[in-house]
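The values are calculated or read from the model by the stated rules, or taken from the named source; none is laboratory data. Here the structure is a predicted model, which is why all the values come from computation and not from measurement. A quick note on method: Cβ atoms are made from the backbone with ideal geometry, for glycine too, and the neighbour counts reach across all protein chains shown. Just so you know, the surface numbers come from the protein's heavy atoms only, side chains and all, with ligands and any DNA or RNA stripped out. Shrake-Rupley method; radii C 1.70, N 1.55, O 1.52, S 1.80 Å.
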Amino acid sequence: SDSSTDCIDCVAGTYVEAAGSDSSSDCIGCVAGRYSTVVGSAAGVNCIACTAGRYVVVSGSDDASDCEACLAGRYSGVSGSSSVDDCIDCVAGKYVDVTGSDEASDCIDCVAGTYVEGSGSSLESQCTACESGKYSSVLGSASESNCIDCVAGKYVDVAGSDSSTDCIDCVAGTYVEA
């Protein structure tokens, strides 16, 4: 070859640190969890970690969009993740309804009067209302057992009550047993 312009750049997502390379196979792909938009990169440091809440499972990624977001109901605080397994379910009693969450605090408590027993909830509607006759003042409840019966002599005729003050006295001449 008679000119430096004959030298071919490694494609984005790859790099070669050694001078005198003679094949595209010398270009090394950015490891899974990282990507590079740089064409002709001479250093692995040009491979950028996917941000927390995202991951990429393949090597040689060439764009930030290759980093996939954790699904709703999950989060990951790890940057440079190479596995969907780094995405962690929100605990029972909480949900997150957006993709790409990057910390546990992104998971939102079910409101008082509701609960969700399973982990990984992705919708507020997955928080189940306490049945009528019961209430719960617990935020982020992970169990139906947090729904408490109104005391004897009181009732509540709607689901999802969040306070004992929602329990209504029986009118004179009527009663409710404990």
Quiz item: Where residues in segment 1-24 are open to solvent by less than 90 Å² (accessible area, probe 1.4 Å) and among the small types (Gly, Ala, Ser), which of them is modelled with the lowest pLDDT?
Solution: SER3
Exercise. Report yes if TYR75 is surrounded by fewer than 17 Cβ atoms within 10 Å (Cβ to Cβ) and of a type in the set (Phe, Trp, Tyr), otherwise no.
Key: no
Quiz item: Can you tell me which of ALA159, ALA142, ALA172, ALA112 is at pLDDT below 95, over 11 Å from the mean Cα position of the chain (by Cα) and either hydroxyl-bearing (Ser, Thr, Tyr) or over 30 Å from VAL39 (Cα atoms) (or both)?
Solution: ALA172
Quiz item: So which residues in segment 39-65 are more than 20 Å from SER79 (Cα to Cα) and either out of contact with any strand residue (DSSP E or B) (no Cβ under 9 Å at 6 or more places or on another chain) or among the β-branched types (Val, Ile, Thr) (or both), if there are any at all?
Solution: VAL39
Self-check item: The lone exception for THR5 - which of (1) among the hydroxyl-bearing types (Ser, Thr, Tyr); (2) in a loop (DSSP other than H, G, I, E, B); (3) more than 30 Å from GLY118 (Cβ to Cβ) it fails
Solution: (2)
Practice problem: Scan segment 36-53 and give yes if some residue there is in a strand (DSSP E or B), open to solvent by 90 Å² or more (accessible area, probe 1.4 Å), under 30 Å from VAL98 (Cα atoms) and of a type outside the set (Gly, Ala, Ser), otherwise no. | Solution: no
Quiz item: When segment 146-178 is examined, which residues are found to be of a type in the set (Gly, Ala, Ser), open to solvent by less than 90 Å² (accessible area, probe 1.4 Å) and on the phi < 0 side of the Ramachandran plot?
Solution: ALA152, ALA159, SER161, SER163, SER164
